[in-house]
Amino acid sequence: MALYAAAAAVLAGVESRQGSLKGLVYGSSFQNVKQLYALVCETQRYSAVLDAVIASAGLLRAEKKLRPHLAKVLVYELLLGRGFKGRGGRWKPLLDRHQARLKAELARLKVRRGVSQNEDLLEGGSKPGPASQVPRFVRVNTLKTCSEDAVDYFKRQGFSYQGRASSLEDIRALKGKCFLLDSLLPELLVFPARTDLHEHPLYQAGHLILQDKASSLPAMLLAPPPGSHVIDACAAPGNKTSHLAALLKNQGKIFAFDLDAKRLASTATLLARAGVSCCELAERDFLEVSPSDQRYRRVQYILLDPSCSGSGMLTRQLEEPGPGVPSQERLRALAAFQQRALSHALTFPALRRLVYSTCSLYQEENEDVVRAALQRSPAAFRLAPVLPSWPHRGLGTFPGAEHCLRASPETTLTGGFFVAVLERVEVPSSVSQAEASAPEVTPNPAPKRKKRRRKATAAPSSQPDM
């Protein structure tokens, strides 16, 4: 029941302009941020439909104690979501009493509008576009398990493993309980769009991380070998931090910074669940971290994913109703901060490789920031040519910009994203030559699609038996 109350509180806060949807979700005391975020976004997307059904059914007139925002969340879950499945608390019997009437009103609304699918009820601006076709990417947490065992577990649950994806068309064709292994990242599983795994035992035990493919690129491209010292400059909510720890095999050190105390607390929870033991979290502004501090003298790798407009996020339009285009003033302010952060990161004396990434679509936050940083230190750093087969490249605003990567629902079936890899032209004298070669990223063999005569095991209550 806490989930529905938290979702209702966020919706009420958005309506009364207490903050943005995302800010209110992260400010909530509800622990599972992603689950809350998904429920609020979907409820808000169907807001007009839910209002019409609730009014026609006379739900609020009949149930005086039921508040409008909570009613909207509960009716969404009943009619359009996953159903209560044992949840709902004291409100479930109330909804059960009105279930037949609510379903009948939804059916009448479809008849009046001449549609057959729930999504056809949405207004033009709320109808699903390419973003709705983005699959569910799931990163296997190799600190706790491996891809082969995760694949095996899903197969025992009745999922059909289709092997390694060979093209975007393979991913677009995913339906039902089929899943694939990603063609680029050996620990990334791919499920059909809108597959909900928030309550899956592997996710709850930290064996799986729900993370978009584009968001998985920064840590993969940074590729710090085990034993390295790494800075995650803007760490919350922690998905990339946990990915770095997995690449390090918990050997070495991650210095993770973030200014937002609540987001940092959520990060700590995620890292603990993921089994991360090599990370030092600090509530601190990265710009105030001194490159001359002896604690960071061995930092050779930095991941910088700073605050941005979020224009590439799949649910961004639901966060801020309306066109959602940031003003030029806000873009300039964000870009100025991003440039300061990138320039600061490049001053760490032992730095060898840095990944700059955003979930923004705007040139001002992406190519322009990278170009400005390179112009300040033209002889020290260069853009590394990475993933030559990646289909979506940086905008050609300066020589070498094609080495940057972009992502979008239309071109890569991911969220909107930008990634640039900067590497030092000459290795600092304090770093040995043996340490200087960055590891190559080569996909591991895909788990074989073996036929097994094995009875499906019951889902574990806490730690999955893998």
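Set the Förster radius R0 to 56 Å, insert the Cβ-Cβ distance between R340 and K92 as r into 1/(1 + (r/R0)^6), and round the FRET efficiency to 0.05.
Here the calculated transfer efficiency is 0.65.
Just to confirm a number: summing +1 for Lys and Arg and -1 for Asp and Glu over residues other than A245 whose beta-carbon lies under 14 angstrom from that of A245, what do you get?
+3
Using a 7 Å offset from the Cα along the Cα-to-Cβ direction at both E402 and T269, what is the distance between the two label points in nm, to one decimal?
Reported label-point gap for E402 and T269 is 4.6 nm.
Give, in nm to one decimal, the length gained when the segment between D170 and S277 is fully stretched (0.36 nm per residue of separation minus the Cα-Cα distance).
Stretched out fully, the D170 to S277 stretch lengthens by 34.8 nm.
Could you work out, for segment 182-245, what percent of all Cα-Cα pairs fall into each 10 Å distance bin, beginning at 0 Å and stopping at the bin that holds the largest distance?
17, 49, 29, 4
Report, please, the projected area of the chain averaged over directions, based on the convex hull of its C-alpha atoms, in nm².
Its average projected convex-hull area is 23.5 nm².
Within segment 377-419, whose backbone N sits under 18 Å from a point 7 Å along Cα→Cβ of S132?
Only 409-411, 413-416 pass the distance filter.
Find the Cα radius of gyration of segment 196-309, compare it with 2.2 N^0.38 Å by division, and give the number to two decimals.
The value comes to 1.03.
Suppose each label sits 7 Å from its Cα in the direction of the beta carbon; what would the R113-V425 distance come out to in nanometres?
Placing both labels 7 Å beyond Cα along the Cβ direction yields 5.9 nm.
With the other protein chains left in place, how much accessible area per residue, in square angstrom, belongs to segment 165-230 at a 1.4 angstrom probe?
With the other protein chains kept in place, segment 165-230 gives 30 Å² per residue.
If a helix is a whole DSSP H run, which ones in the chain reach 27 Å or further along their own axis (Cα) and hold a mean Kyte-Doolittle hydropathy of at least -1.0?
91-113
Quick one: order R82, R330 from most to least accessible surface, probe 1.4 Å.
Result, largest first: R330, R82.
For segment 256-297, what size does the Cα cloud have along each of its three principal axes, sorted from largest down, in whole Å?
Taking the Cα atoms of segment 256-297, the three principal extents are 33, 21, 7 Å.
Rounded to the nearest percent, how much of the accessible area of the chain (1.4 Å probe, protein heavy atoms only) is carbon and sulfur?
Ligands and nucleic acids excluded, carbon and sulfur reach 51 percent.
Quickly rank 170-182, 223-235 as a protection proxy: mean count of other C-beta atoms within 10 Å, highest first.
223-235, 170-182
Roughly what % of DSSP beta bridges within the chain run antiparallel, to the nearest 5?
Among the beta bridges of the chain, antiparallel pairing accounts for roughly 50 percent.
Using only alpha carbon pairs under 8 Å that are at least six residues apart, calculate the relative contact order of the chain and give it in whole percent.
15 percent
Based on the inverse mean of 1/r over its pairs of different Cα atoms, what is the Kirkwood hydrodynamic radius of segment 267-397, in Å?
16.9 Å
Using only alpha carbon positions, build the gyration tensor of segment 103-240, then give the equivalent ellipsoid semi-axes as the square roots of 5 times its eigenvalues, largest first, whole angstrom.
Sorted largest first and rounded, they come to 34, 19, 15 Å.
Please sort by residue number the trypsin sites (Lys or Arg not before Pro) in segment 221-293 whose DSSP state is loop and whose Cβ has at most 16 other Cβ atoms within 10 Å.
Loop-located and lightly packed - K249, R284.
The values are calculated or read from the model by the stated rules, or taken from the named source; none is laboratory data. Predicted model, so just to flag it, every value in this text is computed and none were measured. Ideal geometry is used to build each Cβ from the backbone, glycine not excepted, and the neighbour counts take in all protein chains shown. Surface accessibility is based on the protein's heavy atoms, side chains included, excluding ligands, DNA and RNA. Shrake-Rupley method; radii C 1.70, N 1.55, O 1.52, S 1.80 Å.
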